[in-house]
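S.K.: Shown below is the structure under consideration.
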Amino acid sequence: MKAQAIFDAINRAADFSTAMDFDNPGFLVGDPQEEVRGVLCALDVTDAVIDEAVARGANVIVTHHPVIFHPMKRVTADTLVWRCIRAGLSVICAHTNLDAAAGGVNDILCNLLELEEVCLPEQGEGMLRAGVLKRGMTPPEFAYYVKQKLDLAAVRYCDGGRPIQRVAVCGGAGGSFLRAALADGCQALVTGDVKHDMLLEAIHSGLTLVDAGHFGTEQHVVPYLAQLAAQGAGDAPVAIARSNVDPSTTI
């Protein structure tokens, strides 16, 4: 099978044309007509992921975060793109198109948190999801619940001061959807990369804001990416990178 077939399989599930304007997903490095010998899936392209792909004999890397996000004026030996090219690796990245897609990042989060009656809030730009907990919780109880369900070492949260029944979720950095969550009647928002001013606004607004981390809220999509890649990989092996780990350390 050609590498293009992997792109096509992902595109059927998470149309690349639906990505947000600032984003840069797609077939970003390599030759779409290259025969696939193996696929390695991860959240990010890192030096460790490239090393693992080479060690496994894989020639396609599939990730959530784009290996080229900002415009590049040069491709030199100190860049990940250069390393991929020199190693003969093609790279396919599905980002905000996968966040918003049915069955993608945010739907997976809803499933992990066992939310019911899941919907897309009107002000959520197709990214936000909202649903109802099976039972109401206090803010501290809910923060611990998120920590357990997402299998995390730790979470940060601010206490909105209200019992929680309706929850909004957005994987990655979704603090900007705070007002959309409130408008949808949610008492809590689960996301990552929450800034200090967002925590203050959440407290003022009576919203419990749980920062489960960028990696923590998105890592669970990698097995789904592997499933999609396998649909286009033919007989070539598809693996989840052992090196797909949180770059931060909690002490």
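The values are calculated or read from the model by the stated rules, or taken from the named source; none is laboratory data. Everything numeric in this text was worked out from a predicted model, so none of it was measured. For neighbour counting, all protein chains shown are included, and Cβ atoms are generated from backbone atoms with ideal geometry for every residue, glycine included. In case anyone asks, the SASA skips ligands and DNA or RNA and just uses the protein heavy atoms, side chains included. Shrake-Rupley method; radii C 1.70, N 1.55, O 1.52, S 1.80 Å.
S.K.: By its C-alpha gyration tensor, with a ≥ b ≥ c as the square roots of the eigenvalues, how is the range 180-222 shaped: rounded for a/c under 1.5, else prolate for a/b larger than b/c, else oblate? Intermediate results must be reported in sequence, preceding the final value.
M.R.: On the way: a/c = 3.25, a/b = 1.64, b/c = 1.97.
Because a/c hits 1.5 or more and a/b fails to exceed b/c, the range 180-222 counts as oblate.
S.K.: Right, here's the next one. List, in order, the whole-Hz ³J(HN,Hα) value for each residue of the range 104-112 obtained from phi through the Karplus relation with A = 6.51, B = -1.76, C = 1.60 and θ = phi - 60°; use x for Gly and Pro.
M.R.: x, 3, 6, 5, 5, 4, 4, 5, 5
S.K.: Then there's this: Given the rule -39500 (n - 2.57) for each run of at least 4 DSSP H residues, summed and divided by the residues of the chain, what is its mean residue ellipticity at 222 nm, to the nearest 500 deg cm²/dmol? Please list the in-between numbers first.
M.R.: Details: 10 runs with 84 residues, N = 251.
So the calculated ellipticity at 222 nm is -9000 deg cm²/dmol.
S.K.: Considering the range 14-136, what Rg and Dmax in Å follow from its alpha-carbon atoms?
M.R.: That works out to 17.2, 54 Å for Rg and Dmax.
S.K.: So what J values fall out for the range 180-185 if you push phi through Karplus, 6.51 cos²θ - 1.76 cosθ + 1.60 with θ = phi - 60°, rounded to Hz, Gly and Pro as x?
M.R.: Karplus-based 3J(HN,Hα) across the range 180-185 equals 5, 5, 5, 5, 8, x Hz.
S.K.: Angle between the Cα long axis of helix 196-205 and the longest principal axis of the chain, 0 to 90 degrees, nearest 10?
M.R.: The two axes meet at around 40 degrees.
S.K.: Let me ask something additional. Taking all protein chains together and a probe of 1.4 Å, list Leu113, Leu182 from the most accessible to the least accessible. Mind showing how you got there, number by number?
M.R.: Details: Leu113 0, Leu182 50 Å².
Solvent-accessible surface, decreasing: Leu182, Leu113.
S.K.: From largest accessible area down, sort Met1, Met127; use a 1.4 Å probe on the protein chains.
M.R.: Values: Met1 110, Met127 15 Å².
Result of the area sort, largest leading: Met1, Met127.
S.K.: While we're here: Can you compute the label reach from Ile85? Point 7 Å from Cα along the Cβ direction, backbone N cut-off under 14 Å, restricted to the range 22-65.
M.R.: Under 14 Å, as judged by backbone N against the label point of Ile85, lie 28-31 of the range 22-65.
S.K.: Give the residue list of chymotrypsin sites (Phe, Trp or Tyr not before Pro) in the range 1-69 that are DSSP loop and have at most 12 other beta-carbon atoms within 10 angstrom. All intermediate terms of the calculation are to be shown ahead of the outcome.
M.R.: Values: sites: Phe7, Phe16, Phe22, Phe27, Phe69; in loops: Phe22, Phe69.
Here the chymotrypsin sites (Phe, Trp or Tyr not before Pro) that fit, given the DSSP loop and packing criteria, are Phe22.
S.K.: Let me ask something else about it. Explain nothing, just compute: Karplus ³J(HN,Hα) = 6.51 cos²θ - 1.76 cosθ + 1.60, θ = phi - 60°, for every residue of the range 132-146 in order, whole Hz, x for Gly and Pro.
M.R.: 10, 5, 5, 8, x, 9, 6, x, x, 4, 5, 4, 5, 4, 4
S.K.: Can you give me the solvent accessible area of Ser17 with a 1.4 Å probe, rounded to the nearest 10 Å²?
M.R.: Here the accessible area works out near 100 Å².
S.K.: On to the next question. Among all the lysines, which ones have a C-alpha under 30 Å from Lys149's C-alpha, if same-chain residues fewer than 8 places away are not counted?
M.R.: The reachable lysines, counting only those whose Cα sits under 30 Å from Lys149, are Lys134, Lys195.
S.K.: While we're looking at this one, here's another question. Return the loop-located GluC sites (Glu not before Pro) in the range 86-137 (DSSP other than H, G, I, E, B) with at most 13 other Cβ atoms within 10 Å of their own Cβ; answer none if there are none.
M.R.: On the way: sites: Glu114, Glu116, Glu117, Glu122, Glu125; in loops: Glu114, Glu122, Glu125.
Answer in residue order: Glu114, Glu122.
S.K.: Further, regarding this structure: According to the square roots a ≥ b ≥ c of the eigenvalues of the Cα gyration tensor, what is the shape class of the chain, taking rounded for a/c under 1.5, prolate for a/b larger than b/c otherwise, and oblate for the remainder?
M.R.: prolate
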